[in-house]
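Undergrad: Questions regarding the structure given below will be posed in turn.
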Amino acid sequence: MRTQICIIGGGPSGLLLSQLLDLQGIDNVLLEKHTRDYVLGRIRAGVLEHGFAALMREAQCGDRMDREGEIHDGIEFAIDGVRKRVDLKALTGGNSVIVYGQTELTRDLYDAREKSGGNVIHCVEDVQLHDLKGASSVTYRKDGVAHTVECDYIIGADGFHGVSRKSIPADKIKEYERVYPFGWLGVLSETKPVANELIYARHDRGFALCSMRSQVLSRYYIQVSLADSVDDWSDDAFWTELKLRLPHDVANALETGPSIEKSIAPLRSFVAEPMRYGNLFLAGDAAHIVPPTGARGLNSAASDIYYLYHALLDYYKKGDDTGIDKYSERALARVWKGQRFSWWMTNLLHKFPDHIDYDNRLQDTELEYLFSSENALKSLAENYVGLPF
Ligand code: FAS
Ligand code: PHB
C-alpha cells in the first residue's frame with residue numbers, strides 16, 4: 001500500500017498524531033504490534049498538562065476528558081509528615097492540570113480512529129524500516145502475510161522498546177541516560193482517593209505518591225528497592241508501608257482495598273538525539289523517557305506530536321518544510337526541560353541509597369528554599385502545568 005505517513009506504535013503518541021493528520025486529510029497508516037485491549041490494559045500516566053488537553057480537543061477527542069476528567073488547581077507535598085499545598089493556578093496566573101488516566105485517553109483516541117475509519121492495523125509482526133534516506137517504506141507481517149507500506153515519512157511512536165530508534169545507524173544517534181537506584185511500586189484500587197489533590201510525600205522510609213483516576217479509583221505509589229518484585233508486596237504490606245510514609249491525618253483517612261493492578265516500574269531518564277534521521281521522525285517514549293515523579297512522560301510526548309503535526313501540515317498544505325527541518329531541534333528543546341524538571345523532582349523527594357549526609361542536607365535545603373520562595377514555587381508550578389509548546 002501507499003500512504004503519506006506511516007506511524008509505528010498505537011500508544012497515545014501515534015494515535016493522537018494519526019487522528020490530527022486524518023482531520024486535515026493527510027493520509028496515514030498506523031501499525032501496532034498488540035491488540036487494542038492489550039494496549040488499554042497498561043496502567044500508566046494520570047496527569048495531563050493543559051497543552052495536552054488542548055491537543056486532545058483539537059483532535060476532536062476531548063469531550064469525555066472534559067466531562068470525566070478532574071481539573072486540579074493544586075498539588076500537595078508532605079515533607080516528613082508536614083502537608084504543604086502548591087497553588088498551581090495562582091502561581092501560574094490561571095493554569096491547572098487535568099487528572100484523566102492515559103488508559104481512558106488512549107481509549108478515546110482508538111474510538112475516534114475507529115469512528116473515522118482510520119487505518120489502524122493491530123497485531124503486526126516483524127516491522128522493519130527501509131531506505132530512510134530515499135524512497136522510504138515499512139514492511140511487516142500480519143497473520144503470516146507479508147505487507148509493504150510505501151510512504152513519504154515514518155513516525156517512530158513505538159515506545160522505548162520499539163524498532164524505530166534502533167533503525168537509526170548507531171553512529172548517527174547519541175543516547176543520554178541516567179538510571180535511578182530504585183523503582184516505583186504502583187497500586188490501582190477501587191477506593192475513594194485519600195485527598196482531593198495529589199500528594200507527593202518525602203519520608204525517611206522513602207517516597208510515596210497519592211494519586212487517582214476518579215472519585216472511585218485511586219492510584220498509589222511507594223519507592224521500592226530495585227531488588228524487590230511485586231510478589232514481595234502483599235496488598236496489606238503495601239498499605240502498611242504507604243501509611244508509614246504519609247502524614248498521620250492522611251494515613252488515618254486512607255481507604256484501603258484489594259489492588260486491581262500492582263506493578264513495579266524502574267525509573268530512568270533517557271534522551272536520544274537527534275529525533276529525526278532522514279524520513280524517520282521519533283516521537284514520545286521512542287525518543288525520551290523520564291522518571292514519573294514530575295508527571296512529564298506522556299506530556300513530553302504531547303509537544304513532539306504538536307511540533308510534528310504542524311510541521312507536516314505546513315509541508316503538505318503550503319509546501320513549507322521549515323517545521324520538518326527544525327522538528328528535532330524544537331522538540332528536544334522542550335524535551336530537555338521536561339527531563340530537567342523530572343530529574344529535579346526525583347532528586348527532591350526520593351531517598352537515595354548511595355547519598356552521603358551532605359547530599360541529604362542539600363535535599364533538606366532544596367525543600368526549605370522551595371517552600372520559602374514564591375519564585376521557586378512559581379518555577380515548580382509553571383513546569384508542572386506545562387511549559388508552552
Ligand atoms: P507507548 O510506549 O505508550 O506506546 C508505544 C506503542 O508502540 C505501544 O502500544 C507498543 O505496543 C507499540 N510498539 C512497540 N514496538 C512496536 C513495533 N515494533 N511495531 C508496532 N508497534 C510497536 N507518564 C506519566 O506522565 N505519568 C506516569 O505516571 C507514568 N507512568 C508510567 C508507568 C510505566 C510502567 C511506563 C512504561 C510509563 C509510564 N509513563 C508515565 C510514561 C508513559 O505514559 C509514556 O510517556 C507514554 O506511554 C508515551 O506514549 P507513547 O510515546 O505512545 O509510547
Ligand atoms: C499517576 O496518577 O499515575 C501519576 C500522577 C503523577 C505523577 C506520577 C504518576 O507524577
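Undergrad: Can I get the semi-axes of the stretch 154-201's equivalent ellipsoid? Compute them from the C-alpha gyration tensor as square roots of 5 times the eigenvalues, in angstrom, largest first.
TA: Output for the stretch 154-201: semi-axes of 37, 16, 10 Å.
Undergrad: Another question, if that's okay. Ordering GLU175, GLU32, GLU261 by accessible area with a probe of 1.4 Å, largest first, what comes out?
TA: Result, largest first: GLU175, GLU261, GLU32.
Undergrad: Translational diffusion coefficient of the stretch 122-260 at 25 °C, 0.890 mPa s, Stokes-Einstein with Kirkwood Rh over Cα pairs, in µm²/s as a whole number.
TA: Taking Rh from Cα pairs, D becomes 130 µm²/s.
Undergrad: For the stretch 38-178, what is one quarter of the convex hull surface built on the Cα atoms, given in nm²?
TA: Taking the Cα atoms of the stretch 38-178, their convex hull projects to 13.1 nm² on average.
Undergrad: Indicate the gyration tensor shape class of the stretch 188-234 (rounded, prolate or oblate), computed on the Cα atoms with a ≥ b ≥ c the square roots of the eigenvalues: a/c under 1.5 is rounded; otherwise a/b larger than b/c is prolate and the rest oblate.
TA: In terms of gyration-tensor shape, oblate.
Undergrad: Please give the charge dipole size of the chain, origin at the Cα centre, charges +1 on K and R Cβ atoms and -1 on D and E Cβ atoms. Round to the nearest 20 debye.
TA: 440
Undergrad: Sorted from largest down, give the three principal axis spans of the alpha carbons of the stretch 232-389, whole angstrom values.
TA: 61, 40, 30
Undergrad: Quick one: accessible surface of LYS89, probe radius 1.4 Å, all protein chains present, in square angstrom to the nearest 10.
TA: 90
Undergrad: A further question follows. So, in nm, how far is label THR322 from label ALA265 when the simple model puts each one 7 Å beyond its Cα toward the Cβ?
TA: Rounded to a tenth, the inter-label distance reads 3.7 nm.
Undergrad: May I pose another question? Kindly identify the stretch 271-310 as rounded, prolate or oblate by the Cα gyration tensor criterion: order the square roots of the eigenvalues as a ≥ b ≥ c, call it rounded if a/c is under 1.5, otherwise compare a/b with b/c, prolate if a/b is larger, else oblate.
TA: oblate
Undergrad: I would also like to ask the following. Please report, for the Cα atoms of the stretch 16-94, the Rg to one decimal and the Dmax as a whole number; what are they, in angstrom?
TA: Reported Rg and Dmax, both Å: 17.5, 54.
Undergrad: While we're here: Once the piece of chain linking VAL82 and ARG205 is laid out straight, how much longer is it, given 0.36 nm per residue of separation minus the C-alpha distance between them?
TA: Extra length from VAL82 to ARG205 when fully extended: 42.8 nm.
Undergrad: Considering only protein heavy atoms and a 1.4 Å probe, what is the carbon-and-sulfur percentage of the accessible area of the chain?
TA: Accessible surface attributable to carbon and sulfur in the chain totals 48 percent.
Undergrad: Give me the mean projected area, in nm² to one decimal, of the convex hull enclosing the Cα positions of the stretch 327-389.
TA: Computing the convex hull of the Cα atoms and averaging its projections yields 5.3 nm².
Undergrad: Something else: For the chain, which cysteines have no disulfide-compatible partner, meaning no other cysteine Cβ under 4.7 Å?
TA: CYS61, CYS123, CYS210
Undergrad: Quick one: P(r) of the chain from all Cα-Cα pairs, 20 Å bins, percents rounded to integers, in order of increasing distance.
TA: Result, from short to long distances: 28, 56, 16, 0 percent.
Undergrad: A further question on this structure: Does the stretch 3-54 come out rounded, prolate or oblate by the C-alpha gyration tensor, with a ≥ b ≥ c the root eigenvalues, rounded set by a/c under 1.5 and, if not, prolate when a/b is larger than b/c and oblate if not?
TA: oblate
Undergrad: Next up: Note the full-extension length gain between GLU68 and PHE371 as 0.36 nm times their separation in residues minus their Cα-Cα distance, in nm to one decimal.
TA: Once the chain is fully extended between GLU68 and PHE371, it gains 105.9 nm.
Undergrad: For a quick check of understanding: with a 1.4 angstrom probe and all protein chains in place, what accessible area in square angstrom does MET1 have, to the nearest ten?
TA: Ignoring ligands and nucleic acids, MET1 comes out at about 100 Å².
Undergrad: Quote the Stokes-Einstein diffusion coefficient, in whole µm² s⁻¹, for the stretch 203-274, based on the Kirkwood radius over alpha carbon pairs, a temperature of 4 °C and a viscosity of 1.567 mPa s.
TA: Answer, rounded: 94 µm²/s.
Undergrad: In nm, to one decimal, how far is the LYS192 label point from the HIS161 one, both placed 7 Å along Cα→Cβ?
TA: Using points 7 Å along Cα→Cβ, the separation is 3.9 nm.
Undergrad: While we're here: For SER137, what accessible area in Å² do you get when you roll a 1.4 Å probe over the heavy atoms of the protein chains, rounding to the nearest 10?
TA: Only protein atoms counted, so the area is about 20 Å².
Undergrad: Using only Cα atoms, tell me the angle between helix 374-385 and the longest principal axis of the chain; keep it within 0 to 90° and round to the nearest 10.
TA: The two axes meet at around 40 degrees.
Undergrad: Mean shadow of the stretch 82-160, computed from the convex hull of its alpha carbons, in nm²?
TA: In nm², the orientation-averaged hull projection of the stretch 82-160 is 10.3.
Undergrad: Once both axes come from the Cα atoms, what is the angle between helix 235-245 and the longest principal axis of the chain, in degrees from 0 to 90, rounded to 10?
TA: It works out to around 60 degrees.
Undergrad: If you don't mind, another one. For the pairs LYS84/LYS262; LYS84/LYS351; LYS33/LYS133; LYS33/LYS174; LYS84/LYS337; LYS262/LYS326, flag any whose C-alpha to C-alpha distance is greater than 30 Å.
TA: Over 30 Å Cα-Cα: LYS262/LYS326.
The values are calculated or read from the model by the stated rules, or taken from the named source; none is laboratory data. Nothing here was measured: the structure is a model prediction, and the numbers come from that model. Cβ atoms come from the backbone with ideal geometry, glycine included; neighbour counts cover every protein chain shown. When the accessible area is computed, the model is the full protein with side chains, heavy atoms only, and any ligands, DNA or RNA have been set aside. Shrake-Rupley method; radii C 1.70, N 1.55, O 1.52, S 1.80 Å.
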